[in-house]
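Just so it is clear, none of the values below were taken in a lab; they were calculated from the coordinates. None of these values were measured; they are calculated from a predicted model. Methodologically, a virtual Cβ is constructed for each residue, glycine included, from the backbone with ideal geometry; neighbour enumeration extends over all protein chains shown.
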Amino acid sequence: DSGVTQTPKHLITATGQRVTLRCSPRSGDLSVYWYQQSLDQGLQFLIQYYNGEERAKGNILERFSAQQFPDLHSELNLSSLELGDSALYFCASSVVGGRVNEQFFGPGTRLTVL
Amino acid sequence: QQQVKQSPQSLIVQKGGISIINCAYENTAFDYFPWYQQFPGKGPALLIAIRPDVSEKKEGRFTISFNKSAKQFSLHIMDSQPGDSATYFCAASGRGAQKLVFGQGTRLTINP
């Protein structure tokens, strides 16, 4: 168990809908990362938050957004869903500081768009 | 320049053998090179990691070899066991808390 929790575990929805994925980082970790894992694209970085502020953006679609709350949990919002958004979405967290970038991943949310 | 290339895509090894997975990178700003192990239906789990100031790191049956001049690093699993059957990802990141750039993954099967 990495200490990172994600809910829900599975999500099935229809095209055009909006969903929210939730992540709670490990205790003490200030940085949260979201990654998307699909069969053809592998693990792709979406966005990073550090202590409530957006720190880096990757290949995140404009239909997707995220935020990190004062209690450090994070939510990834996916809207106007398309079939191609079906994937595993992982949250990871890390301690910021020093030269080591150990990121610990949650169990993921499997999103199926029908 | 942000890519990490991983090979092979799949690997079958007999129990007790040595499993070797290779990765290559281009971005010389990468400063941290972890390996993750992922079982079906689970999140990636950090296995072992190395920084470019050392050429080798060993933890139990798992060893990372790092060649800075060639910009390559590899994972060696000694005495491979059926329980090691999983998908392995190499990754790289810059200094500090930065995103991980992942290789495409290697599906490892250890035959009993």
Top of B:Ala49, B:Ala70, B:Ala91 by mean-square fluctuation, Gaussian network on chain B, Cα under 10 Å:
B:Ala70
Distance from a point 7 Å along Cα→Cβ of B:Arg61 to each backbone N in segment B:7-21: keep the residues under 18 Å and list them by number.
B:11-21
Between B:Asn27 and B:Ile12, what is the label-point separation in nm under the 7 Å Cα-to-beta-carbon projection?
3.6
Principal axis box of the protein assembly as shown, alpha-carbon based, largest edge first, Å
48, 38, 32
Net charge over other residues, Cβ less than 13 angstrom from the Cβ of B:Ser19 (K, R count +1; D, E count -1)
+1
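How would A:Asp40, A:Asp29, B:Asp84, B:Asp79 line up from fewest to most surrounding beta-carbon atoms within 10 angstrom? Spell out each step's value before the answer.
Working: A:Asp40 7, A:Asp29 21, B:Asp84 18, B:Asp79 12.
Ascending number of Cβ neighbours within 10 Å: A:Asp40, B:Asp79, B:Asp84, A:Asp29.
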Could you list A:Val113, A:Val4 so that the one with the fewest beta carbons within 10 Å of its beta carbon is first and the one with the most is last?
A:Val113, A:Val4
Using alpha-carbon positions, what is the distance between the centroids of segment A:39-75 and segment B:38-112, in Å?
24
Theoretical FRET efficiency, 1/(1+(r/R0)^6), r = Cβ-Cβ of B:Lys5 and A:Asp71, R0 30 Å, to 0.05:
0.15
Relative contact order for chain A, counting Cα pairs under 8 Å that sit 6 or more residues apart, in percent:
37
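Suppose R0 equals 30 Å. What FRET efficiency, 1/(1 + (r/R0)^6) with r the Cβ-Cβ distance, do A:Lys9 and A:Ala56 give to the nearest 0.05?
On the way: r = 27 Å, r/R0 = 0.89.
That pair, A:Lys9 with A:Ala56, gives E of 0.65.
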Grab every C-alpha pair in chain A, bin the distances at 5 angstrom width from 0 up to the longest one, and report whole percents.
2, 13, 24, 26, 19, 10, 4, 1, 0
For A:Thr20 and A:Gln41, extending 7 Å from Cα along the Cα-Cβ vector and measuring point to point gives, in nm, a value of 2.3
Among the listed pairs B:Lys71/B:Lys99; B:Lys15/B:Lys71; B:Lys42/B:Lys99; B:Lys42/B:Lys71; B:Lys15/B:Lys58; A:Lys57/B:Lys71, those beyond 22 Å (Cα-Cα):
B:Lys15/B:Lys71; B:Lys42/B:Lys71; A:Lys57/B:Lys71
Work through the residues other than A:His10 whose Cβ is under 15 Å from its Cβ and net out their charges, Lys, Arg +1 and Asp, Glu -1.
+3
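If r is the Cβ-Cβ distance from B:Arg51 to B:Asp79 and R0 is 22 Å, what FRET efficiency results, to the nearest 0.05? Don't skip to the answer; put the middle values down first.
Working: r = 26 Å, r/R0 = 1.18.
Approximately 0.25, to the nearest 0.05.
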How charged is the neighbourhood of A:Gly106? Take every other residue with its Cβ under 14 Å from the Cβ of A:Gly106, and add Lys/Arg as +1 and Asp/Glu as -1.
+2
Only counting other Cβ atoms within 10 Å, I'd like B:Val101, B:Val54 sorted with the fewest neighbours first.
B:Val54, B:Val101
